[in-house]
Every structure is written in C-alpha cells, then in structure tokens.
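Quick notes on the structure that follows.
Derivation of every value follows stated rules applied to the coordinates shown; laboratory data play no part. Quick caveat: nothing in here was measured; it's all calculated off a predicted structure. Cβ atoms come from the backbone with ideal geometry, glycine included; neighbour counts cover every protein chain shown.
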DNA sequence: TCCCCACTGTACCTATCGGTACAATGTTAT
DNA sequence: ATAACATTGTACCGATAGGTACAGTGGGGA
C-alpha cells in the first residue's frame, strides 16, 4: 500500500501549514509531519523547495480570490457582489479562525521573497472593490477610501480575532464594515 | 576598547530585528549581525535566550503603549486623548514604515509562546479606547464597536501599507478612522 | 502481461540553528 | 593600587535546517 498524491492535493495542505507556522516557522520536517507527505514527494512536485511550495500556495490563493471575489466585484451586479464578498470572506477565513497568508507574509522579511504576489493580491482586491462601489453610485475618491477601509478592516479583524482568540470579533467587524459600505452606496 | 551595553539599550535594537524578521526569522546570528551585540552579551542579559529577548521586547512595547496611549485614554480628557492617539500611533509606526510586533506575533504559531502578552495588549487598547469614547458621549455598545473598529483599522492599515510599500495608505487610513470616531462623539 | 515511469521513503550531505563554557577584559568600590 | 565583579568575544556543542541521491514500488498503456 502506497499513498499517491497529485500536486493539486498537496497545495491546500501546504497552505494550512504555512498559515499556522509562517514561512520561516514551516520547516521541512514540520511540513512532512503535518501533511503526511514525505520529502521525496515534496521535492518531486516542487523542485524549487520551500520557496516554490509557498509560491504555489500564493498562486492558488490568488486564483481562488480572483474567481470568488475579484471577478464578481468587477463584472457582476455591484450590490450583490459586495454582499457576496462578506459571506465568502467570512467563510474563507472560517469566521476568524484562519488567517490571511498574504497579509502574514507581508509583515516580515518574507515579503521580499514574494513581493509581486503580495502587492498584486491587495491591489487587485482594493481595485475590484472600488470598481463595484463606483458602479453602486460612489464617487471615485470616496470609493477608493471605502475600498481601502474595507480591505484594511478585514486584515485588521483577522489580527485582532487571532490575538484575542475570539472569532466573534471577526464576524462582528465584517458586519460593521458591510453596513458602512452599504450605507455609502 | 570594548563597547559596553545595558539591557535597556539592547531592547530597542532587538525590537527592530524581531519586527523585520519575525520571531522564527530572527536567528541568533542575524541578531548579532544587525545589532552588533555578540552572543556573550546577549545571553548575559537574557539567560533565557531568544524567548526571553522577545518577551522583554514585548514588555517594553507594553510599557510604552501604557504610558503614551492607554493611560491618557483612560484618565485624560477624552477628545484630547483620542486626538493624541492618532498622532502618537502614526509617529510610533513611522507612518506605516514600521509594523506592530504584537500583531505580527499573533498571526502565526509564535502566538502560543506569548499568548498572555499578546491578548493583554489588544484588550487593554480596545478597553482604553472604549472608555474614552464613552466619556466623549458614546453609548457603551457603540463605543465597543468603534473601539474595535479603530484598533482593527490600525492593524489592517499596517498590513496593507507594508504589502503595497506605500506609507501613504497608512496615514490616509488613520485620517479616515479619526474622522469616523470624531463624528460619533 | 510486462514494461515504463511517475511517485515515494530513506539515507545522507553541509550549513546553520539555539545554546553553553570560559578566559580575557575593563570598570568600580575600597 | 588592587580585588571583585560585571561584561564581552571566541570556541565549541548536539540537534536540526534545507536539500540531494537514489533505489524501490506499483499503476496504466502497449
């Protein structure tokens, strides 16, 4: 008996490991220990090692946000897309029980390794949200401010709810933000 | 010639190193390299090693926030203290060029090592801010929401401005938050 | 059926990890 | 002046870091 993986199966496991331990904290031995995947398989799928693993995770996250959040914000009905964003974000971050890996990477030196992916993630999020807010009737300047406020608020709520070990803080913050953006459109 | 340090001189240097590299990323050799302080001195002042160093840094941060932010929010004129908070916070975080070490520690496994200090930092900040907001005329429920919103907003703005390498995002977010809390009192 | 090759586990590599030991240095109190 | 002591740099420790080499395994196409 031998368990055989595909690259696509491995990425979510890697993602959780990096989320919990950070880039530097996620050592190869801890990765194999938590995912159950041996070094042999890991280096078979990611010859570039840890850096390629984390890069693949970031690309996977980006793809998910693109289809679930950014694209609807840009293309669909603005009010609906914004409303859906709060639901999907709360779901994705497990009501504050899961952090944003991109935000975490941005905070320390890890940023230098993945500078482009990290910048893109936040630029595209704020721009998509601003686009939706403008279609919903906001002036450009106000839409920009509100979009940044929304994204900041989400990231900050993740920090705070983790620090306090209280997912309710996250859900509550999302509600407050949702009301605020709703009131402005 | 021999350079002689005191514990109090070392802590700020350690703080910057942990801020830039994170707890796991701050290896002993990188610490000595960046601070210019050798292992001998480091272990003389902090026999508990890296963990004691980071603990001392957190205690130092706590003391600074206590006297510069929390105490005024609790004891001084509410409007003045809140206004001073924005100025001091912008200054402390160097207009988004410096991160919040406590928030960064909260995001990964490092939280488990410093759980109490991390929780305290955010609880005391939100409670002090809520106290000031209530003295400024807010109802308790609204004050609680606004206080959480303020602290979340600051943390999120630090993440976003670092991700985008744009300190203006931070300063702008502080202004928006200041206006919002001002309008509610 | 059997062969090929994608996939896996194990053993091993060097560099660096956090930490210790200790002799040398210089400052201070007497 | 000198004894006592706080502070420092250097050499060293076992453990673990990220990464490589490679032989074995087993499922799918011919």
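Annotations for the structure displayed:
- Distance between modelled label sites at residue B:64 and residue A:79, nm, 7 Å Cα→Cβ extension: 4.7
- Label geometry 7 Å along the beta-carbon vector: residue B:47 inter-copy distances in nm: 5.2
- Helix axis angle, B:78-92 relative to chain B longest principal axis, alpha carbon, degrees: 30
- Rounded FRET efficiency, nearest 0.05, which uses the C-beta distance separating residue A:13 from residue B:52 and R0 of 30 Å: 0.30
- Spherically averaged projected area of the stretch B:85-159 from its Cα convex hull (nm²): 5.2
- Each part gets one Cα centre, and for the stretch A:24-63 versus the stretch B:19-76 those centres are 31 Å apart.
- Zone of residue B:123's modelled label, taken as backbone nitrogen in the stretch A:156-176 under 18 Å from a point 7 Å along Cα→Cβ: A:159-170
- In plain terms, the residue of A:53, A:134 with the fewest other Cβ atoms within 10 Å comes first and the most crowded comes last, giving A:134, A:53.
- Rounded to the nearest 10 degrees, the angle from helix A:7-25 to the longest Cα principal axis of chain A is 80 degrees.
- Three-way shape label, the stretch A:58-183, alpha-carbon gyration tensor, a/c 1.5: oblate
- Counting from the shortest, the label point at residue A:87, 7 Å from Cα toward Cβ, is 4.7 nm from the same position in each remaining copy.
- Across the identical copies, the 7 Å label point of residue B:8, projected outward along Cα→Cβ, sits 6.2 nm from its counterparts, in ascending order.
- Sorted by Cβ density within 10 Å, fewest first, the residues B:164, B:13, A:174: B:13, B:164, A:174
- Within 10 Å of each Cβ in A:27-34, the average number of Cβ atoms from other chains: 0
- Shape category assigned to the stretch A:51-130 from the gyration tensor of Cα positions, a/c cut at 1.5: prolate
- Label positions at residue A:87 and residue A:33, each projected 7 Å from the Cα along the C-beta direction, are separated by 4.0 nm.
- Using C-alpha pairs below 8 Å separated by at least 6 residues, the relative contact order for chain B is 21 percent.
- Convex hull per residue volume in Å³, alpha carbons only, for the protein assembly as shown: 151
- Binning the alpha carbon pair distances of the stretch A:125-185 at 5 angstrom intervals from zero yields the distribution 4, 21, 27, 20, 13, 9, 5, 1, expressed in whole percent.
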